[in-house]
Amino acid sequence: MFSSHSSGPQAPRWALLLAVAAVSTAWLAGCSRPAPAEEPVRSVKVLTVGAGNLQSALEFSGDVRPRIESRLGFRVAGKLTKRYVELGQRVKAGQVLAQLDPQDYQLAADAAQAQLGAAVTNRDLAAADFKRYKELRDQNFISGAELERRDAALKAAQAQVDQAQAQLASQRNQGSYTTLVADAAGVVTAVEAEPGQVVSAGLPVVRVAQDGPRDAVFAVPEDKLAVMRQGSAVDVRVWPGQTQLVGRVREVSASADPVTRTYQVKVALEGKQPPPLGATVTVFPKLRSEQRVAAIKLPTSALRQDGQTTAVWVLDPKTMTVASQAIQIATADGNEAVVAAGLQDGQLVVSAGVHVLSPGQKVTIYREKSASTLTSVPQTAIDATIGTAAAPSTVSK
């Protein structure tokens, strides 16, 4: 039992402790973080997806190249002294393009000329001897064997003359090869050597695109190679002036490029006025049969990266919440992506605002010039709000 006189001094202490505790509680309550505000309901744009069958369209980009483009070089080695043409210059057949130093070849031709003179002298001496010995043989002063030896010496001397003449002609040709001339009329498309450079025989110096037929050259992936059959007709659109031409596949590469793994295709262009060299063209193959594949086409704004996969937000019209849906992309069609798998007809896909959403988040459908907030909208009302379904596309095989 506590005595009455002992409780008196302790009463103020208990009151003081209670007061301090009340102050501390109030101070701690004032320093604690406020409760987080609820995340606002975001407005999004959605579209109703749908698949259909349409004829696939293929197009390939390429450029115009000459049918024949020659890399012209000297047939002999030497030092390049002059180059008479520049890039883009038109040349005529027989026009001089470049010149080598001809001094060494001129000296070789002079040496061959001297050898020919010596051979002719020996031949004339052998002919005179044969004439004298023939007269002696007619008088039976020498034997027939001696005359035959003189005849053989004359024939050997004549052979030496023929050899010297051929050597002289060869050296003269070598000298003429120091002048590079155009084989046909055309346009200089490349210059690969400059004056002062020592070039070897056959090294390209000037590249000339000959006048005449031209081709549209482009690359085709392996899965589209079956469309490009030799002789098949194609439509060609030339970008400068948007000219429409008709062409036929002239050549399909037998092997793939080692870097790009694509096949080069050449299309012969038909028309009186050929397009300029280097012009960009678009080639549209004419398919022999319709290739139809059901697929869905979505704008790229609806796609997002979810780890290692591509995904979209699918809206549940009953709960007005979004869920992540993984999809597979088959190919691209302009600014839109063709979906190969992952979506079904009639699903609602968010087409704008995908980067600010989270799984299970509540959203409303954005309406232009409307401030009303939608909590639950029937399917008919959603279709009326967002418009028609996305246009289906096809995937080319």
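The values are calculated or read from the model by the stated rules, or taken from the named source; none is laboratory data. Keep in mind it's a predicted model, so treat the numbers as computed, not measured. Cβ atoms come from the backbone with ideal geometry, glycine included; neighbour counts cover every protein chain shown. Side chains included, ligands, DNA and RNA excluded: accessible areas come from the protein's heavy atoms. Shrake-Rupley method; radii C 1.70, N 1.55, O 1.52, S 1.80 Å.
Before moving on, here are some points about what is shown:
- Excluding ligands, DNA and RNA, the accessible surface per residue across segment 138-285 is 54 Å² with a 1.4 Å probe.
- Take 208-219, 160-171, 133-144 and order them by the average number of nearby Cβ atoms within 10 Å per residue, most first; the result is 208-219, 160-171, 133-144.
- Neighbourhood charge, 11 Å Cβ-Cβ cut-off, centred on Val281 and excluding it, Lys, Arg +1 and Asp, Glu -1: -1
- Candidate cross-link partners of Lys92 among the lysines, defined by an alpha-carbon separation under 25 Å and a same-chain spacing of 8 or more, comprise Lys79, Lys82, Lys272.
- In segment 245-285, the alpha-carbon atoms span a convex hull of 94 Å³ per residue.
- Carbon and sulfur %, accessible surface of segment 117-159 computed with the full protein complex present, 1.4 Å: 55 percent
- Under 5 Å from the amide H of Ile365 lie the amide H atoms of Val44, Leu374, each residue being 5 or more positions distant or on a separate chain, with H modelled from the backbone and absent for Pro and chain starts.
- Hz values of 3J(HN,Hα) by residue in segment 214-223 - Karplus curve (6.51, -1.76, 1.60), Gly and Pro given as x: 10, 10, 9, 10, 8, 10, 10, x, 5, 6
- Candidate lysines - alpha carbon under 26 Å from Lys155, same-chain residues fewer than 8 apart omitted: Lys131, Lys134
- Couplings for segment 138-144, taken from phi via the Karplus curve 6.51 cos²θ - 1.76 cosθ + 1.60 with θ = phi - 60°, read 5, 9, 6, 8, 10, 7, x Hz in order; Gly and Pro are left as x.
- Debye equation applied to the C-alpha atoms of segment 157-217, log10 I(q)/I(0) at 0.15, 0.16, 0.27 Å⁻¹: -0.69, -0.73, -1.17
- Within the shell of other residues whose beta carbon sits under 9 angstrom from the beta carbon of Arg67, the net charge comes to +2, with Lys and Arg scored +1 and Asp and Glu -1.
- Ala185 paired with Thr260, simple spin-label distance in nm, labels 7 Å along Cα-to-beta-carbon: 3.3 nm
- Long-range HN-HN contacts of Ala98 with modeled amide H, under 5 Å: Tyr84, Leu180
- Here the relative contact order of segment 36-194, from alpha carbon pairs under 8 Å that lie six or more residues apart, stands at 39 percent.
- A cut-off of 5 Å between modelled amide H atoms, ignoring neighbours fewer than 5 places along the same chain, links Ile327 with Thr310, Ala311, Val312.
- When each of Lys224/Lys266; Lys297/Lys362; Lys45/Lys362 is checked by Cα-Cα distance, pairs over 19 Å: Lys297/Lys362
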